[in-house]
1. At a Förster radius of 30 Å, what calculated FRET efficiency corresponds to the Cβ-Cβ distance of B:Phe369 and B:Leu195, to the nearest 0.05?
2. When the Karplus curve 6.51 cos²θ - 1.76 cosθ + 1.60 is applied with θ = phi - 60°, which whole-Hz ³J(HN,Hα) does each residue of the range A:130-138 get, with x for Gly and Pro?
3. I'd like the distance separating the alpha-carbon centroids of the range A:149-175 and the range B:355-387, in whole Å.
4. Using the basic label-point model (7 angstrom from Cα toward the beta carbon), what is the B:Arg92 to B:Val428 distance in nanometres?
5. Quick one: A:Ile256, B:Ile397, fewest Cβ neighbours within 10 Å first, how do they rank?
6. Which entries in A:Lys40/B:Lys429; A:Lys104/A:Lys132; A:Lys40/A:Lys238; B:Lys3/B:Lys266; A:Lys163/B:Lys332 show an alpha-carbon gap greater than 19 Å?
7. Is there a quick way to get the dipole size of chain B? I mean about its Cα centre, with the Cβ of Lys and Arg at +1 and of Asp and Glu at -1; what is the value in debye to the nearest 20?
8. Loop only by DSSP, 15 or fewer other Cβ within 10 Å of the Cβ. Give me the chymotrypsin sites (Phe, Trp or Tyr not before Pro) in the range B:367-417 that pass, ordered by residue number.
Amino acid sequence: MTTLSATRRSQIATTPPPPRDDVSAMPHRRHAVEIIHVTKSFGPTVAVNDLSLKVREQSICGFIGPNGSGKTTTLRMIMRIYRPDEGAGLVRVLGQEELDAPPKRVGYLPEERGLYNRMTVRDILRFYAELKGVANVNAAVDAWIERMHIADATGRRVDSLSKGNTQKVQFITAVIDDPRLLILDEPFSGLDPVSADLLHNVILDLRQQGTTIIYSTHDMNMAERMCDDVIMIYRGIKVLDGRLEDIKREFGTDTIRVRLDHDHVSLNGIEGVAAIRDFGRVQELRMTAGYKSQRVLRDVMERGRVLQFEVSNPSLHDVFVRLANTDAAEAQDA
Amino acid sequence: MRKTLVLAVREFHAAVRTKTFVISLGLMPLMGSAGLIVAFLLKDEVNLDDRRYAIIDWTGDYYDELADAADAHNQRSIFADDGIEQIKPRVRLEQVETDSPNTLALQGRLSDRVRKGDLFGFAEIGTGQSASAESDELLTTVKYHTNNPMNRDFPHWLGRQVNEIAREQRAQAEGLSLEVAKRLTKPVSIDEKPLYVSVAGGGVRLAEETDHYVSVLAAMGLAVLMFLIIFVGAIPLTYSVLEEKMQRSAEVLLGCVTPFQFMMGKILGMVGVSVTIMTIYIVIGFCVAAVNGYAHLMPSALINWFLLYQAGAVLMFGSLYAAIGAACNDMKDAQNLMAPASLVACVPLFVIRPVILEPNSTFSTLISFFPPATPMLMILRQGLPGSIPVWQPILGIIIVLCTALCCVFLASRVFRVGILMNGKGANVKELLQWAFYGVGHRPARPERRKNAEAA
């Protein structure tokens, strides 16, 4: 398995800061999840290699990485669906180290999810509530049905629901017992904007109530909007770990977003520009070290009328791409 | 245990609240008794075309009387009780000239006629040797040639007639009257009876013959029912698990239950379904028996054992079939792996005859402790007259339950690996590897754990 150089990793990995002020008043253990030197192999393939990470309690932790990077394997190890290789490290979830049973008070919404199609919505929610040992099943089911706006679908079979409603039902099955840790793998896929907003708000509410949330996604924009911390895994190795603002600060203000009144003006050839990403109406310039923003502005103004000129941190998407490209380049060199 | 029971209850409800369950409830007894029903329905479906037989009477002493007997048969024995409706074919005999110099050629020609359908068969009375050589010999064998060996009507009829004629001829040759000859050769029959049983007050009485036959039939019926229950209760688990795997609902559940609980819940649900089916049948059986005055003949103790063995059998085979479902990715894969598993379930059928003939032999005893065969054979042996020692069914159920637990444990290891695995289905070798060694087992350096703790 190809890895980033140790130097590179040490540059970008940061130690998680202490809990923020808005949640620090709540009683808490410092970390909801601790993974220490964990390796998981499938035959000759090493899916997760000597991974260590910590997830702060009562935070939303973005778990990002390309397909096949080991995210799902890591989540499954947290859920005890997979065991780490024998003797390889430690996975502690809400203080629980028992490897043979799913950790208690943890909700899990996997990427590959499905429901019993022939059951009605109410029956399936009751089933999961009973399975998770909810004390007052009917009250919990009714509350979540109302909260997720699916009251008109409770008597319908799952296979007759729209994709959005199915997604909502699946989400409720993960949170029906008010978990202290909620693991969501691509929770917004297939949702329309209204449903996505609803789910987004519910997730933020849960965090506000003290639930720690691990949010695994490819959607960098959503991760950037929601997450307090970000962990990136690439080819089984952690390449990024820290608070989102710290990460972006670490990568510096080397990004300039420019919008001109004509969409197709080329900004190639401007001094100090290392790379350009064209989003159509906005172009994002990645600058070399020591660039002069005033000079760049002057050069841009020569190309057209400037509507927007913003010196900023790189987006999470950009960070992601840079790390992935760095790794690919190192792999090619090796 | 609570989670397992919640899963089991869901599986149970999912299975019994379907039209399929109601239909299979009615179909299973039909399937079990299909042979009897078909035989009953087809009992009058007989080909009534005349059947022509050639008789080579090398002795010259039998044909004429046989022809007379055939005429009498055609006039009296081929009609129903009303004397009008013909229910059996006529027997037409044809005498073959015995002056042919080439016996083999004659036999060949007759065989050809049988093959063409001109004859149903032909019989040779005597050996075809010279009359002088044969005159001193008693007729001992009649050869019957046919290409319909399963039709036994004519050989039985011919045997009866030839013996009757031979008896008369021999009596006459010895100077005995026909009456004396009949008295001398009157056969002695064996009248089979059950054993004597103790009665209240200290005496004994001969058990009722119906007890005797009911117990034999009940034992065989329960053994066949056990076989059906294993298939009806266990095989659907393959499809149930496979369906869950294909619908991707397994991982959601594995977020709150262990693979063992998941699989055990499904299996216990199916045990519940099979016990429900049996309870319904038993209640119906008792009602029918009570209405007809036979309630006292229902083998209550045997039925209790049956329910116990049935639960063990569904656990044992259910875990096997659930593991197969977890290891496969489509129906075709599953069917390939189910074939050998089903073969194991069929083992009792291969040995059922010697066990029925001698339920207490060493072979029967040993084979009934072979776990896959134990539920069916032990019930069969317990039900047959001539009870087996009480320790045997107790040991049998212990063996079945222990084996079932081992199967569930090993199957859950297969289940843990297979349920989330997509792509290529597993083969038998991989299944065994998953069951005994797990997957992805790659021991790390022993010091790593210590380092992790220290860190």
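Coordinate-derived values only; no laboratory data. Predicted model, so just to flag it, every value in this text is computed and none were measured. Note that each Cβ is placed from the backbone with ideal geometry, even for glycine, and that neighbours are counted across all protein chains shown.
1. Calculated transfer efficiency: 0.70.
2. 5, 4, 8, x, 5, 5, 10, 4, 4
3. Between the Cα centre of the range A:149-175 and that of the range B:355-387, the gap is 53 Å.
4. Distance between the two pseudo-spin positions: 5.6 nm.
5. The fewest-first ordering by Cβ neighbours comes to B:Ile397, A:Ile256.
6. Too far apart for the 19 Å limit: A:Lys40/B:Lys429; A:Lys163/B:Lys332.
7. The calculated dipole for chain B is roughly 3640 debye.
8. Those satisfying the criteria are B:Phe369.
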